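Let me begin by presenting the structure, written as C-alpha cells, before commenting on it.
Where a number appears in this text, it was derived from the coordinates with a stated rule and is not lab data. Just so it is clear, the structure is predicted and the values come from calculations on it, not from any experiment. Every residue, glycine as well, gets a Cβ built from its backbone with ideal geometry; the counts of neighbours run over all protein chains shown.
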C-alpha cells in the first residue's frame, strides 16, 4: 500500500539532496526486494520532474553466493558496463536496505574484503566525480526488519524513527533541511576560527587542536538523514583520554565501550569491554590507523538513540565522534589509512566542551546559536 | 530448472558475461541461476526490476522520456555474451489502461535495442533465453491455482523427466526432422473453421526451436514470402498484447496485406496496432506449435504458441535468420487451434490433419 512518508522522502532526496533537473539522468541503486517501497516513488517523482531515471538493483543473497562460491576472478570482477555508466549519469541515489545485516558474519573475511574492494571501484570513481562537481550523490536508507532488529525495535517503530530523523513528516521537509544547512554552515564557520577544543565527559578528558582546519556542515545533501559538523584535526594535536559509550560496529563486528589514550595524535593505549582484540588488530592495520582522521559533533536531535547503523549513530544529537584512520584531505586532514573507524562519545549528560578555554557546549548542546552565515552561497 | 537454463539453454561457458534479467518475484530461481552461472565460470550481471517502473514512465513521462534509451541497456546488449530473461509478473494487466499510442511510442524507442540484440543473436555473438517463473498473476491468467500452474510450467519444460536435458535433445531431433520436411515444400494452405489461408514459404528457412532461446520450447517457424498471403483466418484463442486482450480475431489478406480485421472484443485496439507502421499489416512469422505437454491456453505467448496441434502467425517483424524481410515495431503472435476439423496442404498434398503431421514426424 502506498505510504506517503516514502513519497515525502523521495521528494526530499530529489529536490534537496541531488537537486534533480529535467533532462538529468538519475541512477537509483539498492536492493530490489527491500528497496521497493522507496525505489518506486523515487523513480515516479524523478519521472514527474522530467528526468531520465533507471534502477540498478541487486537481489538479496546474490553477493553471499558470490563470496561463498566465486573464483578469484569472479570475486574481483569489476563490471566495465557499470564503470561506463558514470559517463552519462548526472546523479545517483543509493538506498541501503539490508534484510539481514549479519548475512556475511560467517563468510571468509578475506574473500568478502576482495569482493568489497572490487565493488568499491565504482564508488571510488564516483567520489572523484562528486569532488569535481560533475556528479551529485546521496545515500539514504529504507527501513527493513533487519535494520529494526539491530535497533531493538519493531519495524513500525523503526519506520517512525527513520522518518522523524529525516524530517519528512514536517510541513516542508526541503525548507527544514535548508534551514539546518544555514545553521550548520554558520556553526562550521564559527568552529573554523577555533584553535583548540577541550572535551570533558565521563572518563573523557581530551584536547584536540583544530587550528587551520576547515569544518564542514552535513545537512542532507550526501546523506539523508543528516546533521553533523566535522573536520580533520591537526594530526599531532590530540592528547588525553576518551571513552566511547556506544558500541562501534565495523564490518559486522562490534567493539563495546572502547577507551583510548592518545599522545600527540597517536593512540598509545586501547581497551574495550567487548571486541578488544579486534580493536587492537584494527589499530595495527597500518601506520595511519592509530591517528585521528575526523572529529565531529552529532546534531540531529530526532536521533536520540543508538541503532547500530552509522548513518544514524554518528548524527545522534548531543554526541561527538572521532574516527581513527583516514582523514579528509579537502578539510586539511593529512592522516592516511585504509581504516576509517567511527567511535561515538555520548556528551548528553556530563559533557562539556571548551573552545580556546571558553565553555561552548554543555549537556549535549552548543550553548548559543551560531552567528548567521556571512554569505548565502555556502548554503547553495 | 536452473540446471537446464544454464547448462542447456544458454550453455554458459568460462568467461561469459551473462546478464540475468528478472523481477523480485523470481528470487529463488534467480539465485540458483546466478549460482550455476558462477559454477560454469561465467560472470553473472543481475538486472532486477521491481513492479511499477515502466508504469511510471508510461503514465508520467513526456515524449522525451518515452523516447529515451538507457545507454547502459544498450551497453548490456553490446557487451553481453549471454542474456537470460526470467519473466515473473505480479500483475499482467498493470498497463491495461495506458494510452496505446504512448505505449507504442515507448515500444518504438526500444526497437533499436531489440534489433541489435536479434542481430547479434543471429550472428552467433549473443546467446539468449527467455523463460518464465510461475507467479500468481500468470496462474490467474491461465485460470489455475499457483500449484497447478507450477505443475503446468515444469511439465511443459519436461522437468518431471529424470533427465530433462536428454529429453530436450531427443525432442530437438524430432523437430529437426519436421523442419527438414517442411523445407521441401513451397506453398501451404490451411483449412479450418473460419479459415482458408494460402501462403508461400519458398526460399525461406524453417527453424526448429528446441529450447535454446525460449524455455520451455517446441515450435517450428519461418517467415512467409511477404506478398504471398491470401485468404482468411479465424484465430481460436484470445490474443494478448501490451496487457490488452483481443478476442475472436478474423483477418483477411490480399497480396500479403491485411485488408480486413475484425474482432469480437478489442477490435479498435487490433486496428490501431495494425496501423502502427507499414510492416504491422504484414506477416512476419508462420509456425507450428509442437509441445504436446502444453495442452491448454494460458494467455502467455511463451507457452501458447508452442501448444501441440496449433499454428500461429505473427503480425509485424520477422526473424532475419528465416530469410524473411518484414520489419515493424510490432510482433504480435496469434494462435489458431488445429486439433480438430482442420487440414494443412503443402504443395497440394495433405500433410497435417487434426493437430498431427501425417508422415509421423514430430511425434
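Side notes on the structure shown:
- Computed over segment B:140-232, Kirkwood Rh from alpha-carbon pairs, angstrom: 15.7
- Near-label residues of segment B:304-343 by backbone N, under 15 Å of a point 7 Å along Cα→Cβ of residue B:110: B:329-332
- Classified by the C-alpha gyration tensor, segment A:44-143 has a prolate form. Its axis ratio a/c, with a ≥ b ≥ c, is 1.5 or above, and a/b is larger than b/c.
- In this simple spin-label approximation, residue B:176 and residue A:172 carry label points 7 Å from Cα along the Cα→Cβ vector, and these lie 7.4 nm apart.
- P(r) tail for segment B:41-115: Cα pairs beyond 17 Å make up 55% of the total.
- Shape analysis of segment B:231-305 based on the Cα gyration tensor places the equivalent ellipsoid semi-axes at 22, 15, 12 Å, largest first.
- For chain A, the antiparallel share of DSSP beta bridges with both residues in that region comes to about 75%.
- Computed Rg/Rh of segment B:52-189, alpha carbon atoms with Kirkwood Rh: 1.04
- Dmax and Rg, reported as Rg then Dmax, of chain A (C-alpha, Å): 20.6, 59
- Rel. contact order, % - alpha carbon contacts under 8 angstrom, at least six apart, chain A: 14
- Alpha-carbon centroids, segment B:132-151 and segment A:1-76: separation in whole Å: 29
- For the options A:59, A:339, A:20, a Gaussian network treatment of chain A with springs between C-alpha atoms closer than 10 Å singles out A:59 as fluctuating the most.
- Efficiency of FRET from Cβ geometry, residue A:15 and residue B:136, R₀ 41 Å, rounded to 0.05: 0.65
- Residue mean of other protein chain beta carbons inside 10 Å, A:58-67: 5
- Modelled spin labels at residue B:154 and residue A:286, positioned 7 Å past Cα toward Cβ, are 5.1 nm from each other.
- Across every direction, the projection of the convex hull enclosing the Cα atoms of segment A:137-248 has a mean area of 9.0 nm².
- Segment residue A:149-residue A:71, extension gain: residue separation times 0.36 nm, minus the distance between their alpha carbons: 24.8 nm
- The simple Förster model, with R0 at 45 Å and r as the Cβ-Cβ distance, assigns residue A:352 and residue A:22 a FRET efficiency of 0.35.
- FRET efficiency, residue A:276 to residue B:32 (Cβ-Cβ, R0 35 Å, nearest 0.05): 0.25
- Choice from B:115, B:214, B:97 with maximal GNM fluctuation in chain B (Cα, 10 Å cutoff): B:97
- Beta bridges from DSSP with both residues in the protein assembly as shown: antiparallel share about 70 percent, rounded to the nearest 5.
- Over chain B, relative contact order from alpha-carbon pairs under 8 Å, at least 6 apart, %: 14
- Model label points for residue B:278 and residue B:359, set 7 angstrom from Cα along the Cα-to-Cβ axis, are 3.7 nm apart.
- Whole-percent pair-distance distribution, where bins are 5 Å wide, for the alpha carbons of segment B:261-363: 3, 12, 18, 20, 20, 16, 9, 3, 0
- If you run the Gaussian network model on chain A, springs between alpha carbon atoms under 10 Å, then out of A:290, A:216, A:102 the most flexible one is A:102.
- Principal axis extents of the Cα atoms in segment A:233-380, from largest to smallest and rounded to whole angstrom, are 45, 32, 31.
- Amide N proximity, segment B:278-314 versus residue B:265 label position 7 Å along Cα-to-Cβ, cut-off under 13 Å: B:299
- Using a cutoff of 8 angstrom between alpha carbon atoms and counting only pairs six or more residues apart, the relative contact order for segment B:116-202 works out to 12 percent.
- Fully extending the segment from residue B:99 to residue B:147, taken as 0.36 nm per residue of separation minus the present Cα-Cα distance, adds 13.8 nm.
- Kirkwood Rh in Å, taken over chain B so that all alpha-carbon pairs contribute: 21.0
- log₁₀ of I(q)/I(0) at q = 0.05, 0.06 Å⁻¹ - the protein assembly as shown, Debye sum with one point per alpha carbon: -0.33, -0.46
- Segment A:1-106: Cα Rg divided by the 2.2 N^0.38 Å rule of thumb: 1.21
- Mean shadow area of segment A:194-255, taken as a quarter of the surface of its Cα convex hull (nm²): 5.8
- The separation of segment A:290-348 from segment B:275-345, counted between C-alpha centres, amounts to 63 Å.
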